[in-house]
1. Mind listing just one residue for me: the one in segment 85-113 that is acidic (D, E) and in a helix (DSSP H, G or I) and, of those, nearest to ligand 2 (Cβ to nearest atom)?
2. Might you check whether a residue that is of a type in the set (D, E) and within 13 Å of ligand 2 (Cβ to nearest atom) occurs anywhere in segment 156-167?
3. Could you identify the single residue in V112, V78, V107 that is in contact with a Ser or Thr (Cβ under 8 Å, 6 or more places away or on another chain), β-branched (V, I, T) and either within 27 Å of Y133 (Cβ to Cβ) or surrounded by fewer than 22 Cβ atoms within 10 Å (Cβ to Cβ) (or both)?
4. Hey, P87 hits all of (1) within 19 Å of R151 (Cα to Cα); (2) open to solvent by 30 Å² or more (accessible area, probe 1.4 Å) but one; which does it fall short on?
5. What's the number of the condition R168 fails, among (1) within 16 Å of ligand 1 (Cβ to nearest atom); (2) in contact with a Gly (Cβ under 8 Å, 6 or more places away or on another chain); (3) open to solvent by 30 Å² or more (accessible area, probe 1.4 Å); (4) in contact (Cβ under 8 Å) with a residue 24 or more places away in the chain?
6. Of all residues in segment 65-75, how many are more than 17 Å from I210 (Cβ to Cβ) and either of a type in the set (D, E, K, R) or open to solvent by 30 Å² or more (accessible area, probe 1.4 Å) (or both)?
Amino acid sequence: MIVVWILQKKKEREDKMEKKKKFEDILKATGRVGVGNVLAELDRLGFYAAPASTRFHGAHPGGLLQHSLNVYDEAMLVREMQLRIKPEIEARLPPDSIAIAALLHDVCKAEVYKPEQKSRKNSNGEWERYNGYRADYSGFPLGHGEKSVIRLLRWGLEMSDDEIIAIRWHMSGFDLAFQSPEIRSSYGEASDKCPLLAVLRAADGLASHILEA
Ligand SMILES: [Fe+2]
Ligand SMILES: [Fe+2]
């Protein structure tokens, strides 16, 4: 029994290392100024062990890394599909921009979810304790997409306008409920002018609601 447990833990560790390597290799391959520093900062903040949410998609250690890789895979597929239908937009959807936007859109979450003991009823109707998460936005309270962008620029990542716009607005309607007309108009302009935003939004939705459901 103990041998099975040890082998399982070893496999989990190897899977985690493999995913981290894939994430790092794709970003390094962009050759973008600042990638090395971004990777060091993500390590420092605990990005690779973080969950993607407290109780929705990817609410487990490593969930955020898995989500980011899923969004990347989905975004590359969405890109390929769109280029088949509309090849003239290829210059607006370079693979490097897909990598930057998809893998780094949620770096705002790196340090937000803290482990916490929670209670729930099991299948017998009895209360039980389990390891969950709570969100704590006090570390760097800036919002969501805008926090990712500010963080990346501050870490010295060279980013195109499209990458900034796509990451800033990737939450679309969720970000608009309490916003001013100016912000809503900016979002409308971004949606009209940035195909990378449309690809990222689609990929984020497909990853969260289908792959990680
Ligand atoms: Fe997000
Ligand atoms: Fe996301």
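1. Initially, segment 85-113 is screened for residues acidic (D, E), giving 88, 90, 96, 106, 111.
Right, trim to in a helix (DSSP H, G or I) and you get 88, 90, 96.
On the way: E88: 28, E90: 25, D96: 19 Å.
Filtering first and then ranking leaves D96.
2. Taking every residue of segment 156-167 in turn, none turns out to be of a type in the set (D, E) and within 13 Å of ligand 2 (Cβ to nearest atom).
3. Being in contact with a Ser or Thr (Cβ under 8 Å, 6 or more places away or on another chain), β-branched (V, I, T) and either within 27 Å of Y133 (Cβ to Cβ) or surrounded by fewer than 22 Cβ atoms within 10 Å (Cβ to Cβ) (or both) holds for just one of V112, V78, V107, which is V107.
4. The number of the failed condition is (1).
5. (4)
6. Narrowing segment 65-75 to residues more than 17 Å from I210 (Cβ to Cβ): 65.
Still in the list and also either of a type in the set (D, E, K, R) or open to solvent by 30 Å² or more (accessible area, probe 1.4 Å) (or both): none.
Residues that pass the stated criteria total 0.
The values are calculated or read from the model by the stated rules, or taken from the named source; none is laboratory data. These figures come from a predicted structure and were not determined experimentally. Every residue, glycine among them, receives a Cβ derived from its backbone with ideal geometry; neighbour counts consider all protein chains shown. SASA here: full protein model, heavy atoms, side chains in, ligands and nucleic acids out. Shrake-Rupley method; radii C 1.70, N 1.55, O 1.52, S 1.80 Å.
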